Structures are given as C-alpha cells and as structure tokens.
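The values are calculated or read from the model by the stated rules, or taken from the named source; none is laboratory data. This structure is a prediction, so every number in the text was calculated from the model and none was measured. Ideal geometry is used to build each Cβ from the backbone, glycine not excepted, and the neighbour counts take in all protein chains shown.
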C-alpha cells in the first residue's frame, strides 16, 4: 500500500513538472530523444515499484 | 497516387482477412491458451487506445505544438501508472457486480436507470466525432493513395466489413461480461501491426531520409531550425489540460473501459499493464517526430497535410501501403471496440429501459440480434458523421471535441470512487451543466459550423483569447465539479444510494443486511424469475448462479439464498444492465414484508474482510490482525462452539463442533436452527428454550453410538452499536460418563470377585475331602465298577479344583505388578485354563472350541496375565459366534516368537470400529454387555510381554469371522534350541 502512495506522488509530481518536457523541441544542442529518455526512466521506475509491490503482497 | 481503388480494396480486405483468420485460429483452439491469456496479449489489446489519431493526428499536432502531441500518450500512461489506486478498485467493482460499461457503473452507484441512459447518450454524442475521425483517416488515406473522387464509398465498404467482423467475433454471446478471447487476440494483433508499421516508418525516416541519428541531430541543429520556427509550444496550462483530458479518456472512453474492465482479466494482469502499456505507448510515440522531420526535410509537408506525412516518406508503394495498414489497423480496432461497447450500453440503458424484456423463450437470441443490429448502427452512425461533419474539420478538432465531452463524466467517476457523500441529484446536475457548456461550445459548432457559444464567467476574463477547446474544458469542468459538490451537499441522499456508495467506495467494506427472502429454495427462485424471463432462461440463470457460488439447488439457508439473489442480480446485470437487473430482482425476488428487524450479515462481512486483507493499512490492518486472532481463537477452541443471531440464524460453527457433528461449518452457517440435521436442531433448540444456562450430559445417538453432551449457553445483549444473540458451548462428556459407569461396574465386579474367591476357597475344602475319599475308596476296594467310579469322582474333583484354582488365579491376576519375573509358560495350558473359565459362563454353550496349540511351545511371561488375555479373546470370539460355530486356537513359531491365533466364524468387526478397537470404551456389543475395556487390557498385557497384536476381519482364508493374532517372544531357552519348528520329542 505504501508503494501505491509513492506511485501517486510520482504521477502528481510528473503532472506538475511535465511542461518542462516540451522545452527541448528542436532546440540546438538538446538531444531530440530527451523526453523519451525521461519517460523510459519513469517506466523503469514503475516496473521496479511493481516488482516491490508483488514482493510486499507475498 | 501509386495505387488503384481495387488495389486498396484488396490490401484492406487482405488485412481484415488476416484478422479473421487469427480470430478463427483462436476460436478453434489452434493457438495455445497460455499465449492467448498471456498478459502481453492484454497489454497489446489495451493498445487500442492508440487509435488512428495516434498514427495521423499526432503528426498533425506535433507539427503545430511540438512535444505537445505527447500529452495524448502521457495522459493515458499516467492513468495506468495509477492502476493500483484507480483502475483496480473499478475493476473490482465491475467484476463483483458484473458492470460492463461506464453507464452500468454510474447506474449502479447512483441507483437510477435514467443515470445510465444519460451516460449512454453522452457517450454516444462524445464518441461520434472519434468514430468519424477513424473513418476520415481511412477516407483521406484512400484519397492520398488513389486520388479517387469518392473515397468515402470505399471507406463505407471497410466500415461494413469492420461491423461484420465485430458482429461475428464480439457479439456471439448475449452476455457482455464473458471474455472474448478471439476479439482480444485480434485487437492485440492490430496493435502489434500498427506498432510494427510505425517503427518501420520511423526506421525509413531515420535511415532512409536521414543518414542515421547523427545526421538527424545535425539537421535539427541546422537547417531544421527554420521548419521548427512555426511550432507553437503549448502553454503549460494548455498542456496540463490536455494531459487531464487524455487521462480521463483512459477511464471513460467506452472502448477503453470495455477492454480494461469488461473483459474478465486478473488484477495481476491489470497491474502488469501499469508499466507495459506506457512502454507500448512510448514505442508508438517515438516514430512521430522522426516521420514529421523526415517529411519536412523532403518538403512533402507542403504537398500533403502534416497528418499524412508518412505517405510522403517515399514513392515506393510498399512504404505507402505500410502507412495505410498502420492507420487501418488502428482505425478498425478502435471502431470495432467502440461499436461493441456502445451497442451494449444502448441496449441496456436505452432499449431495455424503454422496453423491458418479457418472459419470452428466446431472450438470449433476442438480445444477441439486438446487439448485432446496434453494432452495425453505431458504425454506420460514425460513417454518416464523417460524411456530414468530419470532412469539414481537421483530426485534432474532432478528437478534442470527443475527449472534452467524455471528460465531463470524470468528476462523477471520482466522486463514485472517493466521495460517498455525492448523490444522484448532484452528479446529474453537474453533468448536465458540463455537457450543456460542451455542446454549446464545441459539439454544436462542429455539427453546424456556427461560431462556438462560450460564456466566460465574470472573474475569468483571463481566458479571453484562449483556444475554444481550452475555455470549454475549463469552464465546463469547473461548473460540473462545483454544481456536483453544492447540490450533493444541499440535497438528501436515499438509503439505496447510500448503500451503493458504500459498495463503490474504495475503503468501504460492504455491510449487507440480513433480511429474509420470500423465496425459500433455488427452485422457488426459478419459479419466481420465470415470470420475468421465461422458464428456460430463469432456470439457466439460477443454475449458473448456483454453479458460480458452488451451492446446491436444495440449499435453503437464508444466507445462501441471499448470496444467490445477489449473484443473480450481478449476472442479470451482465446480461441486461444493472437497472433492469435490479428491477427484475426487486420485483420477483423480494424480501419478506415484516420479516423482523434486519441485522448485519456478520459472516458475509467477515468473508469480505478476509478478501480485502491485503489492502488494509495502518490502524485498520492492526484491528484486522486482532479480529483474526480472536476469530482463530474461537475457531480452534477445543470445545464445540456455535453462535446464533437475534433472528435465530446460525452465525458461527467452529472446528471442534465440525469434528463432533461431522457437519462442516460452510454448509450450516447462515441457516436457521430448526433446519439443522438431527439431532442437532432439536438439541440446540432444547438449550435455547431452557431457562437455565446449562444442560448436563444429554444423551445423543451419534453414528450408532451413545454420546453424552453438556451444553452451556450465554446471552449476548444487543446494544446500540453491538449485535445481540446467543453463544452455545458443547462439550463431549461421553468418556467421563463411561468412566463413571465403569467405576461403579468395576466396584461391583471387585466385590463379586472377592465373593467368588471366598466361595472358591470354601468349595476347595470339601472338594479336597471328596477327592481324598475317592482316593481312599480306590485303596479299599477291588471292585472294578467301584474303582471306575472312584476314578471318575477323582477326575471330576480334579476338574473342579482346576476351575477353582483358575478362578482364584484370575481374580488375583488384576493385581499384577510390572517388573515381576516372567517364567516359561505353555500357551496350550493357558488356553486350556481359559477354556475352563469360559465354559463356566452360560452363554455361548453351542459354540465349540478347538485348542490346537502345540503344548511344547513356550513363551516367557506371566501365566496369570496371559490367562486374562486368552479369557478376553475367547469370550469376545464366543460372543461374536453363532450357535454351531467353532473357535479355533492355534500356535505356530514365527520370527523367534510364538504366534497364537484365535479364529472365530462370527459376524466380523465393522471397518469403522476396527481402527479404534484398542482404544478404551470401544465396543461392538449391545449397550450394557460390553465395557470396551477388554481389548485395551489385552493390548497392554501383550505390550508388557514385548509382543504385538493384529486383527484380520475376515481372515484371508475364510469368508467371515475374525482372526486375532498374538505374537509373543519365545522362551529364550527354547529359542536357542529350536528357533523354527517345535521339537516333537519334547
């Protein structure tokens, strides 16, 4: 259950900070794939939390 | 324009044919179940969210808003990241109450069929632009590839094929809530196709148009800058609003709701999708900017709209076919699912509400064909909307109109989950206000081309100049939420709504009431429901519900009947929607009028708490731990315990009582006392009616044996917050009763023994005199007749002496002291002595005995104790034998010991008793004839001698009877001399 709270915090935080993602569109010197990289990290984090939740419920 | 209309038709039909084959392969069982039910298939099926707008519309949005297009993907990804707190509770509810759509959920929670109808109408209005968008992308793609003047007709042909497909594979059962494996597989395959096509197009863009990532980055940093100057990055507020809209879409769009909740999938699968679906969407989103930039580099954005830049990546027909198939895969899957979901909603919440089903024989078939007709109508409606409205608007306008409309249901959904205080009036008022603003601001202008009617409330002048979709979203949502809260707080909430609110609330455990039903058995249910559904359908539904619950049709427990009623309502809800189901159940399976005060269904609450355990946290979890501890204490109590509610319904039946009665708790909990099997109903009735709190040693016949039970009763006084009732403890005092009886019996036997020993002693003296006189007579005469008489007198007196000495010996045998030295004993002699004693008894005179013991075989032991053993065994054999039967006693050397067998031809020993024969007080004799102590005594004496005892009943070599085999260690002297066979010379 505590894992769910982390997830809630993560999503709300992401929602508030997400406009920062858009600033990289075709800006010189900024890798075009940066938003996808951040998104990928978020997915990895969720996967890790999901594994942790499964262990918690055992 | 490389393709002909016929070529396009073949391409599209070929793709749909592949889907058809896939569905058929799943249906025929050609694909292993582990693949079909793999979580990855479900995740891919959820990818239906990425509709044709994800393929073409995202390109259009990216060209104007840059990374703003990501809102479409991130919104739904956010909803799935929150799966444990948002989607899982909804899934639990939809599964428990068989709710297949958003309308079902709202109608169930707000207890009104009209709420379901309202949500259905809103869904239909909101989804039409999305359906039109799918058709429009098909039409535009056909036009781009063929240059045909009337691509709409080919699009119509595709729509018809898609409708046919949905009718064939999505609506084969009238029941909405059944899992459609073939449909899921097809949707998953579509997702795989569109993902593969998008990645391939991205590869072509990156390595065909650009020379790899470095070249792309170089172009972006250099010449590409000019192209990006026109991109208007969305304002953070716009971006967040977009995110909110797409977040809401993941929960509310009929097709997403259907695939997420209506297809019966496990909670684990849904949780796995919480990261797998965002991953899928990430892979779908990456190609979008690559295709856009490649198109801009090639300059094709000047020739064709930004939405269809994928067609301009190359002149190769294969690349164009790839772009077309990606769109077709996305559009067809979305249309199929939307049609399927909406047809169910319209059927349950519009048609069945307007025209409730009557008791027709072919209800299932009627519902099925209605659904199929509705599927076709919905898809045709989408095509018409495209022809009339869609062609005049771009993809983004259509999509936003749809998403803003559906988002109006979001406040209601969140209130449904997290605010039990929200009521129907509040929700409907808020929703109507929000929808009216949406209709005036977006939908009507879309339809009519009139300028949007957007009223900016005073104080929000800051919104002037903002895009219409943004203003409409903010104003409608704010008004919706405000009205919902104010009206809910200001108006009264009905009891039914309050109960439904508790059932839906995330933290609530349902506390159902125990009310008696008018129907008394499963058969009654069939009869009552038959009036509404027809006999055949009613019978099938009742049997299905009984099967789901694992109940017997004859189960008449009030608890079981209440569960059956709930289950039937849930199952009918899956068939006809919750409103109609509730009406039918309330009308035809009513609760008894004036059936007494309702109390909480403790047993059901407990079973629900058990199921919710993993979700409890903090104090609730601690309290639940305490509850479980106390529950376990009562359940495992080594004394029988049962509890009755105030209405006489059985609420608890612990393990010890199950062991004593042989009745499992699950089969009686929830029943009335008088429906308990005999003798328990009557016995418990006796203590409940008794003014005293105890009933001592009540005789009860259990499995043919008499038992004595002591019952104690305690009254639970009801108070404001606590339930009343009665607790009964049942103790088995049979052994104590037997011990008491045995003590009296033993005391009587002891006095008789003393008397017998005295009598024997007194008899001994005259017998010795008679024997001496007979001896004298032999010396005093030579008359052969007198000599023979003297011999006979002496033989008879010897016999009397032996009997007397055996009797005295037997009487003294009970005072054996362990550790006394053993002496060599001949079992043949012991058997003879025992037979003498046995012959003294009057019973069993017609039974003959054959002592076939080898007199030369000796064992080491106490002769008196072994005599007791043989007397017990022989008297048992005699009692079991019929007149004319023979009891054979034989010995044989075996394994360095002596095997003594006593074999009778009696009725044998019951299998149930056989395992307990050596336990005290186990007897097969009629009451008063056997003490049940003989064989335990035999066992203990044989054990003292280091031997063992076995029972065969019947023995292997005869059809009936019993053989008791004693194995005793041989006399050591003898053992050394002749270990195996007796020496005939001894």
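Tabulated data for the structure shown
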read-out: Residue among B:49, B:67, B:42 that alone is in contact (Cβ under 8 Å) with a residue 60 or more places away in the chain and either within 14 Å of chain A (Cβ to nearest Cβ) or more than 36 Å from the chain's Cα centre (by Cα) (or both); value: B:67
read-out: Filtered residues of region B:247-265 (kept if surrounded by fewer than 24 Cβ atoms within 10 Å (Cβ to Cβ) and within 13 Å of another protein chain (Cβ to nearest Cβ)); value: B:250
read-out: Exclusive hit being closer than 29 Å to residue B:10 by Cβ and out of contact with any strand residue (DSSP E or B) (no Cβ under 7 Å at 6 or more places or on another chain), set B:276, B:339; value: B:339
read-out: Flag for residue B:725 being closer than 24 Å to residue B:558 by Cβ, touching a residue at least 12 places away in the same chain (Cβ under 8 Å) and surrounded by 19 or more Cβ atoms within 10 Å (Cβ to Cβ); value: yes
read-out: Unmet requirement for residue B:358, which otherwise passes all of (1) more than 30 Å from residue B:290 (Cα to Cα); (2) at pLDDT 90 or above; value: (2)
read-out: Number of the exception - residue B:225 against (1) part of a helix (DSSP H, G or I); (2) more than 29 Å from residue B:188 (Cα to Cα); (3) under 56 Å from the mean Cα position of the chain (by Cα); (4) facing chain A (nearest Cβ under 10 Å); value: (3)
read-out: Residue identified as crowded, with 21+ Cβ neighbours inside 10 Å, away from chain A (no Cβ under 14 Å), at pLDDT 90 or above and under 15 Å from residue B:205 (Cα atoms) among B:323, B:294, B:329, B:341; value: B:323
read-out: Test: residue in region B:266-274 that is at the interface with chain A (Cβ under 9 Å from one of its Cβ atoms) and in a loop (DSSP other than H, G, I, E, B); value: no
read-out: Residue tally, condition closer than 23 Å to residue B:107 by Cα, touching a residue at least 60 places away in the same chain (Cβ under 8 Å) and in a helix (DSSP H, G or I), over region B:345-365; value: 10
read-out: Residue in region B:654-665 that is outside the structural domain of residue B:566 (by TED's automatic domain parsing), exposed (fewer than 15 other Cβ atoms within 10 Å of the Cβ), at pLDDT 80 or above and in contact with a helix residue (DSSP H, G or I) (Cβ under 6 Å, 6 or more places away or on another chain) present; value: yes
read-out: Selection within region B:681-708 - within 36 Å of the chain's Cα centre (by Cα) and either farther than 14 Å from residue B:643 by Cβ or outside the structural domain of residue B:644 (by TED's automatic domain parsing) (or both); value: B:681, B:682, B:683, B:685, B:702, B:703
read-out: Residue match in region B:186-207 (condition: exposed (fewer than 15 other Cβ atoms within 10 Å of the Cβ) and modelled with pLDDT under 90); value: no
read-out: Residue that is modelled with the highest pLDDT, among those in region B:943-979 that are in a helix (DSSP H, G or I) and surrounded by fewer than 20 Cβ atoms within 10 Å (Cβ to Cβ); value: B:943
read-out: Condition broken by residue B:900, with the remaining ones in (1) modelled with pLDDT under 75; (2) in a strand (DSSP E or B) satisfied; value: (1)
read-out: Given (1) in contact (Cβ under 8 Å) with a residue 60 or more places away in the chain; (2) assigned to a helix (DSSP H, G or I); (3) within 11 Å of chain A (Cβ to nearest Cβ), index of the condition residue B:231 fails; value: (2)
read-out: Residue in region B:861-873 that is in a helix (DSSP H, G or I), farther than 18 Å from residue B:934 by Cα and in contact (Cβ under 8 Å) with a residue 40 or more places away in the chain present; value: no
read-out: Conditions (1) at pLDDT 85 or above; (2) exposed (fewer than 12 other Cβ atoms within 10 Å of the Cβ); (3) in contact with a helix residue (DSSP H, G or I) (Cβ under 9 Å, 6 or more places away or on another chain); number of the one not met by residue B:785; value: (3)
read-out: Residues satisfying the stated conditions in region B:526-564, i.e. under 17 Å from the mean Cα position of the chain (by Cα) and at positive phi; value: B:550
read-out: Unique match (being assigned to a helix (DSSP H, G or I) and more than 9 Å from chain A (Cβ to nearest Cβ)) among B:220, B:199; value: B:199
read-out: Residues satisfying the stated conditions in region B:379-415, i.e. within 37 Å of the chain's Cα centre (by Cα) and either touching a residue at least 40 places away in the same chain (Cβ under 8 Å) or under 28 Å from residue B:64 (Cβ atoms) (or both); value: B:406, B:407, B:408, B:409, B:410, B:411, B:412, B:413, B:415
read-out: Region A:1-44, subset more than 8 Å from every other protein chain (Cβ to nearest Cβ) and over 23 Å from residue B:69 (Cα atoms), residue modelled with the highest pLDDT; value: A:9
